Structures are given as C-alpha cells and as structure tokens.
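The values are calculated or read from the model by the stated rules, or taken from the named source; none is laboratory data. Keep in mind that this is a model prediction, so the values were computed, not measured. Methodologically, a virtual Cβ is constructed for each residue, glycine included, from the backbone with ideal geometry; neighbour enumeration extends over all protein chains shown.
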Amino acid sequence: MVTAPSRRPSLPLRLTGIGKRFGAVVAVGGVDLTVEAGEFVTLLGPSGSGKTTLLKVVAGFEAPDRGTVHIGATDVTRMPPGRRNIGMVFQNYALFPHMTVARNVAFPLSVRHVAREEIGRRVAAALALVELGGYDERLPAQLSGGQQQRVALSRAVVFDPGLQLLDEPFGALDRRLRQQLQEEVRRLQRRLGLTAVFVTHDQEEALLLSDRIAVMNQGAIEQIGPPHEIYARPRTVFAAGFIGESNLWSGPVTARDGADVTIAADGMNLRARAPAVASGGSATAMVRPERVRLLGGAEPADNRVSARVEEISYLGQTQKYLLAAGSRRLTAVWDLTAAPVGSIAVGACVTVGWSAADVHLIAG
Ligand code: ATP
C-alpha cells in the first residue's frame, strides 16, 4: 500500500452554475455540484451527456462559459491546470514518451521535491498496485494500451492529491484486473480520505464504488444520491432505465385505497404503495426484476400475472427470465434456490407477482 506521510488534506469541490457550449451544442447546461472532502462521487451517463466536459472544466482543460469552480475555499475557475493540485487519470491520458515507467510514476513526486528514497519506495508500491512491478525501465511505447493506462493510474495514486479526477480509467483493462483495481482505488481513496470524481458509463462500477452517483443526461444532472437510493427510487424514467434493469409501465392513476393506488397501464391494473400520489394524474410504475416473484397456485400477491417464459439467461448465482403476458414483456431475476436450473423451461407457463410496496412510482 502507498503511504502518504506528507500529503495535503483533501478538499471539497464546489461547482456553481457551470455551463459550456461547443458552437450550437450545449455540452454542460448549468450544473451545480458539491463533492464533500473525502467523498467519492461518480458522474454516470450515456455517451455525450457531458461527463468528460464537466471533468475537464474541473481540471482546467476547458474554461466554462459561465459558473465557478471552487476547490476548498479557492476559486480556481481561471487557474491553469498545473496549479490546481489535482490527480488525474483521463481516457488515453498521455504518458511522457521519453520517460521510463518508473520516471513517469515518479514525476508528480519529483516536482513536489519528495526525498529520493521515498520516491523509490512509493513508485515501487504504486506499480505493484497495478501489477506492473518489474516494468520500471520500460518506455510507454513498449507497453500495451492497457498497461499504459495502468501506469497513468499508478501515477495518479502515487501523488496522493487532495482531489482526484478519474475518467473511465479501467476501460482498457481486462475484467479481473479491472475488479482488482476498482477495489484498490476505493480502498486507497477511503484510507487517505481523497475527494474523488469518477466518470463512467458502467452502472455496476458506479454502484460499487460511489458514495453518491450523479446521473447525467443531456448536459444536466438528472438525479444525485447514494447508489441504493438511485437504484431503488429513481426520480425519472431515464434514471430508472439507465441504472439496472427495470420493468416500466406508464398510465393514469385510476383509484386510491388507503395507502395504495391503482394504475391502469399496459392492460393491467397495477397496485402500488404510494401514499403521496393523487389519483387523476399519470405515473410510471417501476418494478425491479428481482422483485418479481414466482408464485405458487394459491399464494396471495398484490399484483399477479400469468406469463409464458420466452428466454432464460444463466447468470451464475441467478437466472434472468424474459416473460410474455399477451403483448406485455416482463423481466424477472430469480436465484437458484427459488428456481433451480432446469426447473423452468422456455415455453412454460408461470404465475408471477409482486407486492404493492415493491412498485416504485415516478410521477408523470
Ligand atoms: P463519452 O462518455 O462518450 O465520453 P461524455 O458524457 O463524456 O461522453 P462529452 O465528451 O462531455 O460527453 O460531450 C458532451 C457533448 O459535447 C457531446 O455532444 C460532444 O460531441 C460535445 N463536445 C465535447 N467536446 C467537444 C469539442 N471539443 N468540440 C465540439 N463538441 C464537443
């Protein structure tokens, strides 16, 4: 593990009203975001949603058209990148081609005048962290793309900055190494209390790593919150669809019965627990696939559907079932104790159900 006896304290990041256009394209359209000191926040969104542009504004590689960037108490909006004291790993981050791997990783320490023995120790530890021990004397051109990214990651962690920006740093790595690095980055970030802003398309990675996830869509933050909140209570249909799989049905709220409402959607009368939703409006009902249960004949359920199994995908600990009920499609995920492999075949008819409390309603 890398130790940091002389590191600066991590700092909060505050973005206020950040806007950035490229010609007619609004890349970022008025973003407010505060990342607390020591917090790991992920910007998650589809390609073109403005994640990288926002990160570049924080880093100083793009000047915003409007808004301010504060790191700690300092307004860095007009400060050059080199003075912001930020550790960065960007997609295709360029290593110094004429420097060996060890000198590349040592660079941020050298410019900070860290003692030579300390540099040697930290560089060795940081290279071991990304499984590149023994590559010290190679030049970047003698490494694969994935190895170059690992050197860039190593260089960003060796320097223990107060703020870390990571833009898809694991994209080029194989699955095993990717998982290992995710764990290492998170452990290191927690141990050192680093403030980190991480960009990814990968929702699983976002759920795993983040204290909070900011879901980005068309240059704006659509929702921000802890992973479990984003997953269980997405505020928009976009957020529901982008994170995890979901069954989504939209329709009018037709009745209220105590804490429950009925939604007429896709030919079903769906029962949902929603004390705050008024009847007369419309809503989208979301049911996560793992909440759809396989029902025995007489088993009661607030919502009940008979369906035919169209497709089964084996996922290891669980299996995913694509079900058809007339023209409706449902996805269910069951673990192997609920539905052992081979117990249900494609073409079988099943009864499934879910409770009103397992329906999350999105207004509108
Ligand atoms: P990806 O995940 O594909 O990297 P992203 O969410 O990071 O996407 P950005 O790279 O921030 O998105 O791009 C946001 C929008 O701004 C896109 O429409 C993109 O085409 C546009 N854009 C980004 N950089 C430039 C540029 N230098 N010149 C012109 N348009 C740009």
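When residues in the stretch 206-226 are screened for being free of Cβ contacts under 8 Å to residues at least 60 places away in the same chain and within 8 Å of the chain's Cα centre (by Cα), 2 of them pass. Scan the stretch 164-180 for residues that are closer than 11 Å to Gln149 by Cβ and either surrounded by fewer than 19 Cβ atoms within 10 Å (Cβ to Cβ) or more than 15 Å from the chain's Cα centre (by Cα) (or both) and the total you get is 5. If you filter the stretch 52-91 down to residues that are at pLDDT 90 or above and of a type in the set (S, T, N, Q), you find that the one that is nearest to the chain's Cα centre (by Cα) is Thr52.
Scanning the stretch 351-364 for residues that are under 11 Å from Leu294 (Cα atoms) and either in contact with a helix residue (DSSP H, G or I) (Cβ under 9 Å, 6 or more places away or on another chain) or surrounded by fewer than 17 Cβ atoms within 10 Å (Cβ to Cβ) (or both) returns Thr351, Trp354. Identify all residues within the stretch 40-54 that are more than 6 Å from the ligand (Cβ to nearest atom) and either among the polar types (S, T, N, Q) or under 13 Å from Phe198 (Cα atoms) (or both); write none if there are none. Answer for the stretch 40-54, where residues must be more than 6 Å from the ligand (Cβ to nearest atom) and either among the polar types (S, T, N, Q) or under 13 Å from Phe198 (Cα atoms) (or both): Phe40, Val41, Thr42, Leu43, Leu44, Leu54.
Being without any contact (Cβ under 8 Å) to a residue 60 or more places away in the chain and under 20 Å from Thr16 (Cβ atoms) narrows it down to one of Phe107, Phe96, Phe61, so name that one. On inspection, the qualifying residue turns out to be Phe61.
Restricting attention to the stretch 125-168, the residues that are outside any helix (DSSP H, G or I), touching a strand residue (DSSP E or B) at 6+ places or on another chain (Cβ under 9 Å) and away from the ligand (no atom under 16 Å from the Cβ) add up to 6. One residue alone among Ala232, Ala259, Ala196, Ala239 is within 24 Å of Ala363 (Cβ to Cβ), among the small types (Gly, Ala, Ser) and crowded, with 17+ Cβ neighbours inside 10 Å, and that residue is Ala239. Among the conditions (1) part of a loop (DSSP other than H, G, I, E, B); (2) at pLDDT 95 or above, the only one that Ala94 does not satisfy is (2). Taking the stretch 64-89 as the range and being aliphatic (A, V, I, L, M) and either surrounded by 14 or more Cβ atoms within 10 Å (Cβ to Cβ) or within 12 Å of the ligand (Cβ to nearest atom) (or both) as the test, the residues that pass are Val69, Ile71, Val76, Met79, Ile86, Met88, Val89.
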